[in-house]
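So the structure is just underneath, and the comments pick up after that.
The values are calculated or read from the model by the stated rules, or taken from the named source; none is laboratory data. Not measured: the values here are computed from a predicted model. With ideal geometry, Cβ positions are generated from the backbone for all residues, glycine too; neighbour counts draw on all protein chains shown. SASA here: full protein model, heavy atoms, side chains in, ligands and nucleic acids out. Shrake-Rupley method; radii C 1.70, N 1.55, O 1.52, S 1.80 Å.
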Amino acid sequence: MTSSNRRQFLQSSALGVAASVTGGSALAQTSNACSKAVAEAKAQDAKNIQASTANWNDGLAHPIPYKNPPGKGKDRALVLGGGSEYMSSFLVGYFHAMLTNGVNLRLADIVVGSSAGALLGSALLGGRLDLFSAEFNLLADYPKIMAKFVPTNKFSPSQERVMKMGIEAKDGNPATIQAIGHAAMAAKSIPQDKFETNIKVFLGDLKKIPPKMYITTIDCYTAERLVIAPDSGVPVATAVAASASAPGVTGPTWVKDRVCMDGTIGSTETHCDIVAGSRRALVFALADTIAQEKAGLRLNHLPNTILQEVKDLEAGGTKTKLVVVGMLPGRKTLSVVDPGIMAPAIKYGYDRGMQDLPEMKKFWA
């Protein structure tokens, strides 16, 4: 029996039973059985879709947890989660506090970046943040530079459809991620070439992925987690664009023979498993509570696994320092893609960095 026939059989069988049973309790039980059957059919379809790339040798797909993670045996690891303009601005301020006060984050032996973290991690290792610190007023000029990344506030129906799917998603199952990915491919968003051009402006002459940088993204069609390594042959602007292709906003982005979306769309948005086995890891995440998410700190409601990821790292012997950005001081709600949030987010990041400086000097030394 093919997967399509099996799905139809499961659905029709469950519905048939539902139609033949009377009584509230029995009907409820049958309804649950029907939902379970449909879920099983969707899961099987998702598995079949993922199997379509089983023989591909592009070296991109790495299931969670990562088998033989590249962080194993390394000393310092840096993990940078996503969070659009708000997260990138916070990281600019925080990194500036570190780099100008004796904490050289470029000494990391491995850096994992997702979405905003992919952009800032690449800029950090590529020396671009030094240029910004030396030649630009971060509070005044950086928001103008980053404004190129901020999309219009007017979205087409196809964009609104996929963004709504992300907000309503309640699990990170392959079928759920595939549905978001398929809708992302059908959304009239900012095209890849324009998005990559903006990223190239930010990253300057940087062409290749820095040697210690690992960039995450998600295959829109299969929902597989992809990790773009320094030796992948993928240009850094393409890798960052793929990792930051927020469904319904930008992209999707082609990487080799795969069309990709934001690295935070999946069962993890920080991908700490890539640095498992390292001696110590400094991890940046946007939020760690449902309350923070409801206040606007995430663009989707997929499960947030950051606290469990940290526990897993520590259980494996990795000393871990988690920096949760959280809400901007004095605010109860915010939009992470609001251009007006960038300047205060840079200041907030710098202030947090200065506050954390004594602890970071001990942790990173």
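At a glance:
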quantity: Subset of the range 202-226 that is of a type in the set (K, R) and touching a residue at least 60 places away in the same chain (Cβ under 8 Å) - its residue that is least open to solvent (accessible area, probe 1.4 Å); calculated: R225
quantity: Among (1) free of Cβ contacts under 8 Å to residues at least 24 places away in the same chain; (2) part of a helix (DSSP H, G or I), the one test that G233 misses; calculated: (2)
quantity: Candidate set: the range 306-355, residues that are at pLDDT 95 or above, outside any helix (DSSP H, G or I) and small (G, A, S); chosen: the one surrounded by the most Cβ atoms within 10 Å (Cβ to Cβ); calculated: G316
quantity: Selection count where residues are more than 24 Å from P358 (Cβ to Cβ) and in a strand (DSSP E or B), scope the range 109-129; calculated: 4
quantity: Qualifying residue in the range 126-146 (condition: at pLDDT 90 or above and within 29 Å of F363 (Cα to Cα)); calculated: yes
quantity: The listed residue being in contact with a Lys or Arg (Cβ under 9 Å, 6 or more places away or on another chain) and at pLDDT 95 or above, out of S243, S232; calculated: S232
quantity: Lone unmet requirement of (1) under 30 Å from A287 (Cβ atoms); (2) modelled with pLDDT under 90 for K36; calculated: (1)
quantity: Any hit, the range 81-90, residues being within 30 Å of G317 (Cβ to Cβ), modelled with pLDDT of 95 or more and touching an Asp or Glu at 6+ places or on another chain (Cβ under 9 Å); calculated: yes
quantity: Of all residues in the range 164-186 being of a type in the set (A, V, I, L, M) and surrounded by fewer than 22 Cβ atoms within 10 Å (Cβ to Cβ), the one that is farthest from I265 (Cα to Cα); calculated: A186
quantity: Among residues of the range 60-108, those that are under 21 Å from the mean Cα position of the chain (by Cα), part of a loop (DSSP other than H, G, I, E, B) and in contact (Cβ under 8 Å) with a residue 12 or more places away in the chain, counted; calculated: 13
quantity: Count - residues of the range 245-268 that are assigned to a loop (DSSP other than H, G, I, E, B), open to solvent by less than 20 Å² (accessible area, probe 1.4 Å) and of a type in the set (A, V, I, L, M, F, W, C); calculated: 2
quantity: Single residue of I180, I167 found to be in a helix (DSSP H, G or I), modelled with pLDDT under 90 and β-branched (V, I, T); calculated: I167
quantity: K188 being part of a helix (DSSP H, G or I), more than 19 Å from the chain's Cα centre (by Cα) and not hydrophobic (A, V, I, L, M, F, W, C); calculated: no
quantity: Residues being touching a residue at least 24 places away in the same chain (Cβ under 8 Å), open to solvent by 40 Å² or more (accessible area, probe 1.4 Å) and not acidic (D, E) - total across the range 356-365; calculated: 1
